[in-house]
Amino acid sequence: MNLGTFSNLSGNYKEIGLQEVKEFSNIPEAESIIFSDAMYDVAKINETIKQIETYYPELLEELIEVAKEFHRPVEQLRFVQDSYLFGGGCSLGALKPESNVDGKMYLFRTYDMDPMITEMRLCSTSPRNFYNHTGFSSHYFGRSDGMNEHGLCVMFASCGMPVGNYPGMQKPQVSGFNFMVVVRLFLEKCRTIKEVIDLFLQIPIASNVNLLVADGNNEIAILETLNGIKEYSIIDDNHAFLTNHAVLEEIKKQEKYSLNQSEVRENKMKEFFCNPTLNSKESINQMIQMEYPDGITSLNYKESFGTVYSVIFNVTDKTLNYSFGSSKHNPMFQIKVGEVAEHMAVPVNLPNKSYGKEFWRVN
């Protein structure tokens with residue numbers, strides 16, 4: 001049975017690590033999931049650890065504590081070894097208050113991936129001396145999205161060809177962090193888009209990423225990286241949409257190809273939301289429930305491109321409405337940033353549907 005789960009993590013980073021170890025005790029074969037006996041590139045692993053120590057030492061404390069409890073060196077954590085772990089196909093949108101009938105700021109997303117390699121886990125995290133946040137985890141210790149106590153909301157999607165140490169993927173062009181480290185770092189240490197951009201320009205990022213960011217000042221920004229090139233834009237329009245191809249000019253020059261279905265999903269969001277009629281949370285939910293090619297939910301699980309969760313962030317109220325799996329086939333729940341979820345484990349319905357060879361057509 002597929003399960004969506006919730007974690008509540010709090011305290012200093014060593015304490016958070018110990019709480020995660022307790023969680024792992026309930027997962028069959030947890031040690032083989034989070035650790036690897038093989039160390040394929042010792043120099044690269046050591047470089048990754050050094051970068052975490054430099055830019056995010058608190059996270060390293062957490063990782064060391066987890067490894068210590070398993071009597072393992074931190075170098076054997078897959079989170080460290082898979083520092084270039086590729087992300088899924090995603091659809092992201094942001095609507096400023098002027099676009100919406102209730103005058104509130106909304107961000108929304110679907111996250112499309114193979115459910116066999118996705119933990120489908122929502123976390124409320126309250127690290128001591130840093131910002132509380134609620135969002136979905138990636139590789140247990142990272143985050144793929146979330147919103148913090150100041151209303152800063154960050155959402156990730158892959159940009160262009162995935163980067164990774166796996167067959168068929170592009171080898172890393174630069175040394176640096178993966179998206180899952182970057183998103184969590186922003187959530188815990190930034191309050192505004194300005195602070196996010198400052199940190200974005202400082203830290204090394206290896207992943208090819210699209211980031212859609214909003215803050216409590218009702219600002220929206222797009223941040224992109226591709227092959228080590230970085231670009232950002234603060235959005236003046238009342239809306240912004242991202243999928244899995246580049247939209248900023250310098251990054252577009254670096255992109256060799258994009259999936260046609262990525263452009264289809266972006267265009268569907270533009271058609272649906274860019275009209276004279278004011279939008280609502282209900283209309284956002286309608287879009288994330290509609291199945292590709294009419295909407296942005298995907299049921300292509302067997303080909304590693306199915307919606308494993310959907311979420312609507314209400315930045316104004318600091319609440320999340322979310323579903324494990326597509327909200328077309330699963331219930332939506334609501335949680336406020338930093339709160340404990342009502343349900344700790346939820347069965348998830350993942351009916352499969354293939355969209356044929358055209359789904360993978362490259363432009």
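Computed from point charges on the beta carbon alone (+1 for Lys and Arg, -1 for Asp and Glu), the dipole magnitude for region 165-258 about its Cα centre is near 440 Debye. Under the convention that each Lys and Arg Cβ holds +1 and each Asp and Glu Cβ holds -1, the size of the dipole of the chain around its Cα centre is about 400 debye. Calculated [222 nm] ellipticity per residue, helices only, for the chain: -8000 deg cm²/dmol; basis is -39500 (n - 2.57) per DSSP H run with n ≥ 4, divided by all residues, nearest 500. Restricting the calculation to Cα atoms, the chain yields a radius of gyration followed by a Dmax of 18.9, 60 Å. Taking a Cβ cut-off of under 15 Å around Val348, the surrounding Lys, Arg, Asp and Glu residues balance to a net charge of -1, with basic ones at +1 and acidic ones at -1. Can you work out the PRE-style zone for Lys252? Point 7 Å along Cα to Cβ, and I want the residues of region 146-161 with backbone N under 17 Å. From region 146-161, the list is 159-161.
Tally up the carbon and sulfur contribution to the accessible surface of region 249-320 as a whole percent, 1.4 Å probe, everything protein left in place. List each step's numbers first, then the result.
Details: 1470 of 3140 Å².
Carbon plus sulfur share of accessible area: 47 percent.
Max-minus-min Cα coordinates of region 85-131 on each principal axis give 39, 33, 15 Å, with the largest extent listed first. Heavy-atom accessible surface of the chain, averaged per residue, reaches 40 Å², computed with a 1.4 Å probe. Taking the chain as a Gaussian network, Cα atoms linked when under 10 Å apart, which of Lys22, Lys252, Lys268 shows the biggest mean-square fluctuation? Sorting by GNM fluctuation, first place goes to Lys22.
Surface calculation, 1.4 Å probe, protein heavy atoms: His343 sits at approximately 80 Å² accessible.
Shown for region 87-240: the carbon plus sulfur share of the solvent-accessible area, taken with all protein chains present and a 1.4 angstrom probe, equals 48%. Counting only protein chain heavy atoms and rolling a 1.4 Å probe, the accessible areas of Asp236, Asp41 rank, largest first, as Asp236, Asp41.
Accessible-area rank, largest first, for Val264, Val181: Val264, Val181, with all protein chains present and a 1.4 angstrom probe. Over all other residues within a Cβ to Cβ distance under 13 Å of Gly103, the charged ones net out to 0, with Lys and Arg as +1 and Asp and Glu as -1. Pairs of lysine residues in region 202-286 that meet both criteria, 8 or more places apart or on different chains and Cα atoms under 18 Å apart, total 5. Using +1 at the C-beta of Lys and Arg and -1 at the C-beta of Asp and Glu, which of Met269, Gln286, Phe359 has the Cα lying farthest in the positive direction of the dipole of region 250-363? Final value for the positive-end residue is Phe359. Taking the charge dipole of the chain about its Cα centre, with +1 at Lys and Arg Cβ atoms and -1 at Asp and Glu Cβ atoms, the residue from Asn260, Asn178, Ile49 reaching farthest to the positive side is Asn260. Where both bridge residues fall in the chain, DSSP classifies roughly 85% of the beta bridges as antiparallel. Taking the charge dipole of the chain about its Cα centre, with +1 at Lys and Arg Cβ atoms and -1 at Asp and Glu Cβ atoms, the residue from Val308, Ala214, Gly295 reaching farthest to the positive side is Gly295.
How large, in Å, is region 7-151 by the Kirkwood hydrodynamic radius built from its alpha-carbon pairs?
Hydrodynamic radius (Kirkwood, Cα only) of region 7-151 equals 16.8 Å.
Solvent-accessible surface (1.4 Å probe) assigned to Thr277 amounts to roughly 90 Å².
Just to be sure I understand: of the beta bridges DSSP finds with both ends in region 255-363, what percent are antiparallel, rounded to 5?
Values: 13 of 14 bridges.
Expressed as a percentage, antiparallel bridges in region 255-363 total about 95.
The 3J(HN,Hα) values that the Karplus relation (6.51, -1.76, 1.60; θ = phi - 60°) gives for region 121-138 are, in residue order, 9, 9, 10, 9, 10, 10, x, 4, 6, 10, 8, 5, 7, 10, x, 8, 7, 10 Hz. Gly and Pro appear as x.
The values are calculated or read from the model by the stated rules, or taken from the named source; none is laboratory data. Please read all numbers here as calculations on a predicted model, not as lab measurements. We place every Cβ from the backbone using ideal geometry, glycine too, and count neighbours over all the protein chains shown. Calculation scope for accessible area: heavy atoms of the full protein, side chains included, ligands and nucleic acids excluded. Shrake-Rupley method; radii C 1.70, N 1.55, O 1.52, S 1.80 Å.
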